[in-house]
Amino acid sequence: MDRLHHIAIPVSEIAPAVEWYQSRFDVEIQYQDDSWALLKFENIAFALVLPDQHPAHFAIERIDADSYGPLTPHRDGTASIYINDPWKNVIEILAPSK
């Protein structure tokens with residue numbers, strides 16, 4: 001069974017968005033820089049992204065992520081590729097972290 005890794009939503013600024021979510025929910029910051037942040041809820045990760053840096057999407061972790069095409073390495077050590085479903089929703093296929 002595949003694993004849903006995170007859901008990403010666009011925000012206008014990362015730091016204020018992180019502060020807002022932290023002040024209202026019990027979350028842990030897994031990663032944060034000026035262009036995106038990854039917050040950990042108990043059951044899923046939640047990404048805050050800048051619209052011009054990353055599309056709104058959900059990410060699925062798969063062992064065979066590279067079968068969807070060449071993976072792009074990211075600053076946080078992950079690698080992935082973005083695809084679209086037939087309804088133009090963006091899906092990030094993420095290789096498992098090593």
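For the reader, a short list of remarks on this structure follows.
- Only a single criterion out of (1) modelled with pLDDT of 95 or more; (2) out of contact with any helix residue (DSSP H, G or I) (no Cβ under 8 Å at 6 or more places or on another chain); (3) not polar (S, T, N, Q) is not satisfied by TYR31, namely (1).
- Cross-chain or 6+ apart pairs with Cβ under 6 Å, the range 20-42 first and without any contact (Cβ under 8 Å) to a residue 60 or more places away in the chain, then of a type in the set (S, T, N, Q): SER35/GLN53; LEU38/GLN30; LYS40/GLN30
- Restricting the range 51-62 to residues that are open to solvent by 60 Å² or more (accessible area, probe 1.4 Å) and at pLDDT below 95, the residue that is nearest to ALA95 (Cα to Cα): GLN53
- Looking only at the range 71-98, and only at residues there that are out of contact with any Leu (no Cβ under 8 Å at 6 or more places or on another chain) and farther than 19 Å from VAL49 by Cα, the one that is least open to solvent (accessible area, probe 1.4 Å): ASP85
- Being part of a strand (DSSP E or B) and more than 10 Å from the chain's Cα centre (by Cα) is a description that applies to TYR31.
- Of the set (1) open to solvent by 40 Å² or more (accessible area, probe 1.4 Å); (2) under 17 Å from SER80 (Cα atoms), all apply to LEU38 but (1).
- The residues of the range 18-51 that are in contact with a strand residue (DSSP E or B) (Cβ under 9 Å, 6 or more places away or on another chain) and not hydrophobic (A, V, I, L, M, F, W, C), listed by number, are TYR21, GLN22, GLU28, GLN30, TYR31, GLN32, SER35, LYS40, PRO51.
- Residues of the range 51-87 satisfying the condition of being touching a residue at least 12 places away in the same chain (Cβ under 8 Å), more than 23 Å from TYR21 (Cβ to Cβ) and among the hydrophobic types (A, V, I, L, M, F, W, C): ILE63, ALA65, LEU71, ALA79, ILE81, ILE83
- Meets criteria (modelled with pLDDT of 95 or more and assigned to a strand (DSSP E or B)) for SER80: yes
- Odd one out for LEU48, checked against (1) farther than 29 Å from PRO16 by Cα; (2) open to solvent by less than 60 Å² (accessible area, probe 1.4 Å); (3) of a type outside the set (Ser, Thr, Tyr): (1)
- Test: TYR68 is at pLDDT 95 or above and open to solvent by 60 Å² or more (accessible area, probe 1.4 Å): yes
The values are calculated or read from the model by the stated rules, or taken from the named source; none is laboratory data. Because the structure is a prediction, the values reported are computed rather than measured. Note that each Cβ is placed from the backbone with ideal geometry, even for glycine, and that neighbours are counted across all protein chains shown. To get the accessible areas, we keep the full protein, side chains included, count just its heavy atoms, and leave off ligands, DNA and RNA. Shrake-Rupley method; radii C 1.70, N 1.55, O 1.52, S 1.80 Å.
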